[in-house]
Each structure stands twice: as C-alpha cells, then as structure tokens.
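Written below as structure tokens is the structure these notes are about.
The values are calculated or read from the model by the stated rules, or taken from the named source; none is laboratory data. Keep in mind that this is a model prediction, so the values were computed, not measured. Cβ: placed from backbone, ideal geometry, glycine included. Neighbour counts: every protein chain shown.
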Amino acid sequence: MNMQRRHLLTATSAAVGLSLAGLAAPVWAKAPMAGNQVISVHRMKLGNFEVTTILDGFIELDPKLLNAPQDMVQRLFEAANLPYGPIRTPVNTFLVNTGDKLVLLDTGGAKFLGPTAGRLVQGLAAAGVEPAQIDEIYITHMHGDHLHGAVTPEGVALFPNAVLRIAQQDVDYWLNPDIEAAAPVAQKGRFMPAKRAKAAYGDRLKPFKQGEELTPGITSVAAVGHTPGHSCFMVQSGTAKMLAIGDLIHIAPVQFANPEVTIAFDWEQAKASGSRMNMFDMAAKDNILVAAVHLPFPGLGTLKKEGKSYTYTPMTWRLF
Ligand SMILES: [Zn+2]
C-alpha cells in the first residue's frame, strides 16, 4: 500500500468515526424551506472586459411551434432524454463591462412573460449594479422576451441614463402603424414591446445600422430573419471574442442537429435559418464563444460543425 492510499484510508476511517459519533448524539439543523430559486448570476472575464449573465427566468416553448414534422421532433426529444412537450426555455441577458461603459445586451421579458421571468432587476442587484449605472442597452430584436425588461410596469424607462440601441429595420417594422394594422389579430400584441419602449425612451431610442461598431469592442452583426432587423453583437477585447446570438436558437435538441428548422415566430423562414447557419459557421470556424438568450444558464458555449449539424459544448463555469 502506498503512502497516499494509506493516508486516504485513515482519513476515511476518521470520517466514519465522526459520523458514528454524530449518530450517538444527533443534532439536526432545521431551516425553513426557501420556496424559490437563488437569483442566478454568472461572471467571466473576456479579455479585459467582464461579462455577466443574468438569468431573467424562463418560458415554456411548445415544440409544435417548430416548422418540422412532429415525428422527427419527437424522436429528437427522445434522443435527448427529454419528455416530448413544452420545453423549459431560459431567458438570459448579458451585461458587458468594457471598463468605460456598462452595456446590457437584451433585457428579458419583465412580468409580461408570466411569473417565471422578470428577475433582471434582482439579478443586477445581485451583481452589484443599479439600473441607473447602465450606459447603453443593445437589443437583438424587438420581441417581448428581449425588450419588455427595459420598461417598468408603469411604462417608465427602467434605465434612466441609458440609450437604447436597436437595428433600424426592427424599429421601422415594429413601430409602423400600417404593418401593425395589417397584422392578424392574434399577432397584434407583438407590437406592444416596441411601442412601450418608444414611449418610455423617446429620443434615447437610437436606431443603428447593422455592422456599426456601437462602442469600442462591441459591433452589431446582421443576422436578419427571425425579425427584419435581428442582430448579433460581436464583443471583443484583445483576442478574446464572444458573439451574442439573440434568437438564432430556441429549441436546442432540434435546431442544432437540424439548423434548417425554423420556429413560428420567425419573420422570414429561409432568412432565419440562413442567418443561423452563417453565424454558427463563423462561430464554429473561429471557435468564438456564443452567448445565447435561450440556452441553459449561463448561456455560454462553443460550437462545432459536423456535416450539416452543430454540436454545442457549454462552457465550464469560471471562477476568478
Ligand atoms: Zn427570444
């Protein structure tokens, strides 16, 4: 027996002895049930930047929303060991501290998504950040689960000092009363987040041109299709890069293996899947960390291409 093993055995015997001693005179710690999850915040370094994921909460997405044969979807769920039915879908937001600015990428859905989301403010507090400190907010697209969090339930800008930056095409589309009037009744509610944001932020809502560098180290990238102005954000400090991919993926067990599969919320199906593949190809080729709103917290990982499919490897947690 080598010394290391003997040492281990001695330690184990000591532990057994301790627990036996505990049994002889039990002391049971009693604590009330917490009844809720601890606010979820994850921070990492990206070059000289800090990137903090704040989990706003989750929504349940029905796989029937996918534009794909349901027998195939069901098979892929089974292969992933998931019950076929509504899938728990996280809503992540990402806070980037560039050293000069605090920039928030998407804002979650506030309570418009129901009681399981809308924890951004508590998440910011847990991260030691007050809403008034946020300088800029970049929105991947104007759907409620990305934009509602910028506005309080009373309709006031939650971030009193921030400018709200959104691609021009999304602003033009979602704030166009004619497009809203022509939309089917069931879809009219989708225009509400844009109208609330415009009412709350006024001239502080500043459209950008896709491709524009929004602040040193963060550049918008066109990834149109999910909405007319859906954008990714490339965050770069030194050689470290992260691509915030917004809604390029919703239902991971299906859309990584079959990136051509779109979802009912996609504005133009072919463009949506085309953008997914373009951005995923770039991230896979250059081994760029992706930051996804709807992948499990903290929404960070890398992609590998195999044939027409992608595999996603979640990043390990960072402690520093
Ligand atoms: Zn979304």
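List of remarks:
- Hey, A181 of a type in the set (A, V, I, L, M, F, W, C), without any contact (Cβ under 8 Å) to a residue 12 or more places away in the chain, away from the ligand (no atom under 16 Å from the Cβ) and more than 18 Å from L66 (Cβ to Cβ) or not: yes
- Residue in the stretch 123-137 that is within 14 Å of the chain's Cα centre (by Cα), on the phi < 0 side of the Ramachandran plot and within 16 Å of the ligand (Cβ to nearest atom) present: no
- Inside the stretch 106-122, residues that are closer than 15 Å to I134 by Cβ and in a loop (DSSP other than H, G, I, E, B) make up a count of 3.
- Filter result (at pLDDT below 95 and more than 25 Å from P153 (Cβ to Cβ)) within the stretch 185-214: none
- Members of the stretch 38-53 found to be assigned to a loop (DSSP other than H, G, I, E, B) and surrounded by 10 or more Cβ atoms within 10 Å (Cβ to Cβ), listed by number: I39, S40, G47, N48
- Count - residues of the stretch 302-320 that are within 16 Å of R43 (Cβ to Cβ) and surrounded by 15 or more Cβ atoms within 10 Å (Cβ to Cβ): 1
- For the stretch 83-119, filtered to residues that are among the charged types (D, E, K, R), under 18 Å from F159 (Cα atoms) and modelled with pLDDT of 95 or more, the residue that is surrounded by the fewest Cβ atoms within 10 Å (Cβ to Cβ) is D100.
- Residues that are modelled with pLDDT of 95 or more, among the small types (G, A, S), farther than 20 Å from L102 by Cβ and crowded, with 23+ Cβ neighbours inside 10 Å do occur in the stretch 158-179.
- Condition check for D170: touching a residue at least 12 places away in the same chain (Cβ under 8 Å), within 16 Å of the ligand (Cβ to nearest atom), touching a Pro at 6+ places or on another chain (Cβ under 8 Å) and charged (D, E, K, R): yes
- Matching residues, the stretch 242-269, being small (G, A, S) and away from the ligand (no atom under 16 Å from the Cβ): A257
- Cβ separations smaller than 6 Å between residues 6+ apart or across chains give the following pairs from the stretch 240-260 residues that are touching a residue at least 12 places away in the same chain (Cβ under 8 Å) to residues that are aromatic (F, W, Y) and within 16 Å of the ligand (Cβ to nearest atom): A244/F94; A244/F233.
- Odd one out for M142, checked against (1) within 16 Å of the ligand (Cβ to nearest atom); (2) in contact (Cβ under 8 Å) with a residue 60 or more places away in the chain; (3) surrounded by fewer than 24 Cβ atoms within 10 Å (Cβ to Cβ): (3)
- Flag for S237 being under 24 Å from H42 (Cα atoms), over 19 Å from the mean Cα position of the chain (by Cα) and either away from the ligand (no atom under 13 Å from the Cβ) or surrounded by fewer than 19 Cβ atoms within 10 Å (Cβ to Cβ) (or both): yes
- Taking the stretch 287-301 as the range and being within 18 Å of P90 (Cβ to Cβ) and either away from the ligand (no atom under 16 Å from the Cβ) or without any contact (Cβ under 8 Å) to a residue 60 or more places away in the chain (or both) as the test, the residues that pass are L289, V290, P298, L300, G301.
- Pair list, Cβ under 7 Å, 6 or more apart: the stretch 188-210 residue buried (at least 17 other Cβ atoms within 10 Å of the Cβ), other residue among the aromatic types (F, W, Y): F191/W174; A194/W174
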